[in-house]
């Protein structure tokens, strides 16, 4: 586990005043900026990654930049910082190459490994293109997302999006969203920084601001998608827990029942969602996400008079959200429950439900069963058993889905009556 800084390196602001640090240097000199942190710590550097490395006691630095970025300044700064003698010939070779490089140049810089070593043994330079067309943008996306390979399990990642072209930090934000939602390395993204150089003339320093809330927004978005489409509100429950524990617990319980497909308790649980329908939240995001999704669930399943119709409605919702196995199970249970209801039998009694299944398969004088239900039940139950028990069947995948869709129309007419 290590602290890793991922930072973009720009071309730097050129200093109009003479710079005597490098004799016989070109006009490519860099102005320093005074970076100011929230704890009132200040440090003056030519690029923000240097300030952040000191501020956060970084173990590994990953610098992302184009061939025109200020790589000679990185070499100079870290060489001198680490108490080593600057090789001016190497410095000027890097400077000349980067100063003359354009978007047409090859994706390489002289002494790349030496620049990395000047930072430390773990440092990594990632070269990207300008991104001036779709092809270059796609290459940059692949390159930036490939940074995951440089990270280890449980690394703490600190990100800086201050420098470089404005389009490129968007790539790094996508990397962060990927790391949060897909990567199995359990990466902890502790900070997202932005050095506000644009206000430095007014304030006489550049505030280093935290943008971690951008990642929180992405968590809310992915959480909302899971809640809306699959009934899984776990991530939303985690995000709201510190603000409202009751809402968090209700959402988590609802998600557990949805994933268990507990058809008996789900009906009452959806009614219980009404308790959080009009909750007022401290921030706007929960109101924009939790409230409308909860209201949509309530609108779909509220005021359903019978359990059989509720189970059929739920099956249709599961079908529409491509959870076909759960939909098959819910359809079967809705038919059984319906037969119990129309025959005034206790649908909660296991033995009664078994009798109902027998009566549906083989209608008799004791149970009242519509003829269409026998055909639909046997056909649907066969596929349901094949899915539940991984039994091979001659029915194609598309036919399984289409058959379920067709049966909804007939069942809706019967069970609504």
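Within this structure, residue 141 fails the test of being touching a helix residue (DSSP H, G or I) at 6+ places or on another chain (Cβ under 8 Å), on the phi < 0 side of the Ramachandran plot and without any contact (Cβ under 8 Å) to a residue 24 or more places away in the chain.
Select from the stretch 33-43 the residues that are in contact with a helix residue (DSSP H, G or I) (Cβ under 7 Å, 6 or more places away or on another chain) and closer than 13 Å to residue 197 by Cβ and write down the one among them that is modelled with the highest pLDDT. Across the stretch 33-43, the extreme among qualifying residues is 35.
Taking the conditions exactly as written (under 18 Å from residue 292 (Cα atoms), free of Cβ contacts under 8 Å to residues at least 60 places away in the same chain and surrounded by 18 or more Cβ atoms within 10 Å (Cβ to Cβ)), does residue 236 satisfy them or not? It is true that residue 236 is under 18 Å from residue 292 (Cα atoms), free of Cβ contacts under 8 Å to residues at least 60 places away in the same chain and surrounded by 18 or more Cβ atoms within 10 Å (Cβ to Cβ).
Out of 354, 333, 341, 379, one residue alone is closer than 20 Å to residue 316 by Cβ, surrounded by fewer than 16 Cβ atoms within 10 Å (Cβ to Cβ) and assigned by TED's automatic domain parsing to the domain that holds residue 410. It is 379. Residues in the stretch 240-257 that are outside any loop (DSSP other than H, G, I, E, B) and either touching a strand residue (DSSP E or B) at 6+ places or on another chain (Cβ under 6 Å) or touching a residue at least 40 places away in the same chain (Cβ under 8 Å) (or both): 240, 247. Scan the stretch 44-73 for residues that are assigned to a loop (DSSP other than H, G, I, E, B) and either touching a helix residue (DSSP H, G or I) at 6+ places or on another chain (Cβ under 8 Å) or crowded, with 21+ Cβ neighbours inside 10 Å (or both) and the total you get is 8.
Per this entry, residue 208 is counted among residues that are within 25 Å of residue 36 (Cα to Cα) and touching a helix residue (DSSP H, G or I) at 6+ places or on another chain (Cβ under 9 Å). In the stretch 296-339, how many are in a helix (DSSP H, G or I), touching a helix residue (DSSP H, G or I) at 6+ places or on another chain (Cβ under 9 Å) and farther than 23 Å from residue 400 by Cβ? Residues in the stretch 296-339 being in a helix (DSSP H, G or I), touching a helix residue (DSSP H, G or I) at 6+ places or on another chain (Cβ under 9 Å) and farther than 23 Å from residue 400 by Cβ: 9 in total. Every condition in (1) surrounded by fewer than 20 Cβ atoms within 10 Å (Cβ to Cβ); (2) in contact with a helix residue (DSSP H, G or I) (Cβ under 9 Å, 6 or more places away or on another chain) is met by residue 149 except one, and the failing one is (2).
This table checks each residue for (1) modelled with pLDDT under 95; (2) surrounded by fewer than 20 Cβ atoms within 10 Å (Cβ to Cβ); (3) under 30 Å from residue 350 (Cβ atoms).
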| site | (1), (2), (3) |
| --- | --- |
| 243 | yes, yes, no |
| 252 | no, yes, yes |
| 270 | yes, no, yes |
| 275 | yes, yes, no |
| 279 | yes, yes, no |
| 286 | yes, yes, no |
| 295 | yes, yes, no |
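The values are calculated or read from the model by the stated rules, or taken from the named source; none is laboratory data. For clarity, every value in this text was computed on a predicted model and none was experimentally measured. Methodologically, a virtual Cβ is constructed for each residue, glycine included, from the backbone with ideal geometry; neighbour enumeration extends over all protein chains shown.
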